[in-house]
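Written below as structure tokens is the structure these notes are about.
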Amino acid sequence: MIVLIGGGLASARAAETLRAEGYEGPLTLVGDELVPPYHRPPLSKTYLSEPADQLIAPEDVYRANGVDVRLARRAVSLDVERRRVVLDQGEHVAFDKLLVATGAAPRRMPIPGGDLANVVTFRTIEDADALRARLCAGPRVVIVGGGLLGLELAASLRTLGHAVTLLEAAPWPLGRLVRGAEVGERIIALHRDHGVDLRTGAAVRAFLGAERVEAVELGDGTRVACDLVIVSVGVRPATDWLDGSGIRVEDGVLVDAGMRTSARDVFAAGDVARAYHPLYGEHVRVEQYGHSAAQGAVAARNMLGRDEVVRAVPSAGSEQFGRRIQVVGRVQGNEQAVLFGDPTALRFSVAFLDGSRLRAVFAMNRPRDAAAARRLIESASPVDRDAIVRTQELT
Ligand SMILES: Cc1cc2nc3c(=O)[nH]c(=O)nc-3n(C[C@H](O)[C@H](O)[C@H](O)COP(=O)(O)OP(=O)(O)OC[C@H]3O[C@@H](n4cnc5c(N)ncnc54)[C@H](O)[C@@H]3O)c2cc1C
């Protein structure tokens, strides 16, 4: 009996892979949402203007493949010794092999007013539907957090014609993925040119209002009037239900490069996992679509006795005001940033170099650079800064 806990992408890929690889035994997928696994990336992009079906596979495909899908069920604890998971209604699910794929949950802000009505987070299709309903009233929207998701939501809502203010505490947006002026200034310009009131160095101190939020108060006392706040300040891995199980958890479930946890026959994949990455020589939690899918598939194959690892270079994509943004690799913070291409036409890239090693690339409307970066980072090939400047290409 194989049990997959978490009704998201990593579990869906694991289920599909197990059957594709010939596993014919009992297979159960448990998820706490009301719908089977679906694609999250469109939610902050096209879904707000064109709500379309995002299911990875319809429910009858799971049925036809003998996958027992249990929806609206939450795992509350894990007993590794007795090999069983306890669900919220007291039900026990026994397993021989288990996948932990419970993803991540949005962080809330522990500041005054954080629980006012209309201070929301954004992660699920339910959140997206609720936001679409709220938008009918034409609210003035404040987005807190200038990461990829916050920026993407700002672009989508602005494109729909809403008044949007984006507040970022750091000097630049996107700070967790790529640092500094080379990228930050251009992202700020892109958003401001399209009418987003994007403010940096804007630390939020409180949300003000009687029952519903009416304003956001910043550290310097400035108030921004609003009707709706979307808090987008990152996520935390959904590991609470593993407390007391003995499984090693350190900002995510620690797994080796083959997705094995510290407990025998228990694997973890996706946003909940912090996996050893052979390229970096350390454990990293990636929170990206391609990575989560690959981890789900590798976990499934390793459950069947294979010995595979995930060594793909992390990469994230986004779409903002018709511009394609790709971030490939990881920055540590001390890299040299080399800007090339045509920033005025918003077709440019920034390479992040550590000596002659390429660590990451930010590419706007330059998919060739993103593809080259993936190849160069994976092969650890040396890169010449002067050649990039001379040719304006990543070679
Ligand atoms: C709005 C949005 C846009 C995104 N856009 C991009 C993008 O453009 N590019 C990109 O690379 N990545 C993107 N991502 C990230 C990507 O979607 C995730 O990396 C991916 O969904 C992770 O898959 P997962 O299966 O690990 O987790 P999830 O998809 O989060 O699935 C986990 C599931 O487990 C459920 N669960 C949690 N706890 C329990 C429990 N105790 N019991 C049962 N079920 C539980 C959760 O409710 C959820 O349904 C985006 C994410 C979001 C939210």
**OP:** Could you tell me which residue of the range 309-323 is nearest to the ligand (Cβ to nearest atom), considering only residues that are under 11 Å from residue 365 (Cα atoms) and more than 17 Å from the chain's Cα centre (by Cα)?
**Re:** 323
Original post:
Which ones in the range 268-308 are within 13 Å of the ligand (Cβ to nearest atom), part of a loop (DSSP other than H, G, I, E, B) and not hydrophobic (A, V, I, L, M, F, W, C)?
Top reply: 285, 287, 288
Original post:
From the list 138, 180, which one is small (Gly, Ala, Ser) and touching a Phe, Trp or Tyr at 6+ places or on another chain (Cβ under 8 Å)?
Top reply: 180
Original post:
Is it fair to say residue 387 is small (Gly, Ala, Ser) and surrounded by 15 or more Cβ atoms within 10 Å (Cβ to Cβ)?
Top reply: no
**OP:** Go through the residues of the range 256-267 one by one and say whether even a single one is farther than 20 Å from residue 330 by Cα, open to solvent by less than 50 Å² (accessible area, probe 1.4 Å) and assigned to a strand (DSSP E or B).
**Re:** yes
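Per-residue answers, yes or no, for (1) more than 21 Å from residue 270 (Cβ to Cβ); (2) aliphatic (A, V, I, L, M):
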residue	(1), (2)
35	no, yes
46	yes, no
52	yes, yes
63	yes, no
74	no, no
Original post:
So which residues in the range 77-101 are open to solvent by less than 40 Å² (accessible area, probe 1.4 Å) and under 20 Å from residue 14 (Cα atoms)?
Top reply: 78, 85, 93, 95, 98, 99, 100, 101
**OP:** Among the candidates 134, 74, 107, single out the residue that is under 16 Å from residue 213 (Cβ atoms) and open to solvent by 60 Å² or more (accessible area, probe 1.4 Å).
**Re:** 134
Original post:
Would it be correct to say that residue 67 is in contact with a helix residue (DSSP H, G or I) (Cβ under 8 Å, 6 or more places away or on another chain), within 9 Å of the ligand (Cβ to nearest atom) and β-branched (Val, Ile, Thr)?
Top reply: no
Original post:
Yes or no: residue 60 within 15 Å of the ligand (Cβ to nearest atom), among the charged types (D, E, K, R) and either within 21 Å of the chain's Cα centre (by Cα) or farther than 21 Å from residue 251 by Cα (or both)?
Top reply: no
**OP:** Would you list the strands (runs of 3 or more DSSP E) that sit entirely within the range 311-395 and hold 3 or more residues that are under 28 Å from residue 270 (Cα atoms)?
**Re:** 315-320, 323-329, 347-354, 357-364
Original post:
Of the residues 298, 249, 253, 309, which is within 26 Å of residue 27 (Cβ to Cβ) and without any contact (Cβ under 8 Å) to a residue 24 or more places away in the chain?
Top reply: 249
Original post:
Restricted to the range 241-267, and to residues that are polar (S, T, N, Q) and farther than 13 Å from residue 283 by Cα, which residue is nearest to the ligand (Cβ to nearest atom)?
Top reply: 245
**OP:** For the range 26-55, enumerate the residues that are near the ligand (Cβ under 10 Å from one of its atoms), within 17 Å of residue 289 (Cα to Cα) and hydrophobic (A, V, I, L, M, F, W, C).
**Re:** 43
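Quick grid of which residues meet (1) buried (at least 19 other Cβ atoms within 10 Å of the Cβ); (2) at pLDDT below 95:
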| residue | (1), (2) |
| --- | --- |
| 103 | yes, no |
| 113 | yes, no |
| 130 | no, no |
| 181 | no, yes |
Subject >> So residue 196, is it crowded, with 19+ Cβ neighbours inside 10 Å, more than 16 Å from the ligand (Cβ to nearest atom) and either at pLDDT below 95 or of a type outside the set (Lys, Arg) (or both) >> reply: yes
**OP:** Taking residue 152 as the residue in question, decide whether it is touching a residue at least 12 places away in the same chain (Cβ under 8 Å) and open to solvent by less than 50 Å² (accessible area, probe 1.4 Å).
**Re:** yes
Original post:
Which residues, taken from the range 155-166, are surrounded by 23 or more Cβ atoms within 10 Å (Cβ to Cβ) and farther than 16 Å from residue 50 by Cα?
Top reply: 164, 166
**OP:** Return a yes/no flag: does the range 236-256 have any residue that is among the β-branched types (Val, Ile, Thr), more than 19 Å from residue 304 (Cβ to Cβ) and within 13 Å of the chain's Cα centre (by Cα).
**Re:** no
**OP:** Taking only the range 39-60 into account, find how many residues are in a helix (DSSP H, G or I) and loosely packed, with under 15 Cβ neighbours inside 10 Å.
**Re:** 2
Original post:
Within the range 203-262, which residues are more than 24 Å from residue 121 (Cα to Cα), of a type in the set (D, E, K, R) and out of contact with any strand residue (DSSP E or B) (no Cβ under 7 Å at 6 or more places or on another chain)?
Top reply: 220, 243
Original post:
Can residue 295 be described as under 16 Å from residue 14 (Cα atoms), within 15 Å of the chain's Cα centre (by Cα) and open to solvent by less than 50 Å² (accessible area, probe 1.4 Å)?
Top reply: yes
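The values are calculated or read from the model by the stated rules, or taken from the named source; none is laboratory data. Because the structure is predicted, anything quoted here is derived from the model rather than measured. Cβ coordinates were reconstructed from backbone atoms using ideal geometry, including for glycine residues, and neighbour counts include every protein chain displayed. Ligands, DNA and RNA are stripped out before the accessible areas are found, and what is left, the full protein with its side chains, is counted by its heavy atoms. Shrake-Rupley method; radii C 1.70, N 1.55, O 1.52, S 1.80 Å.
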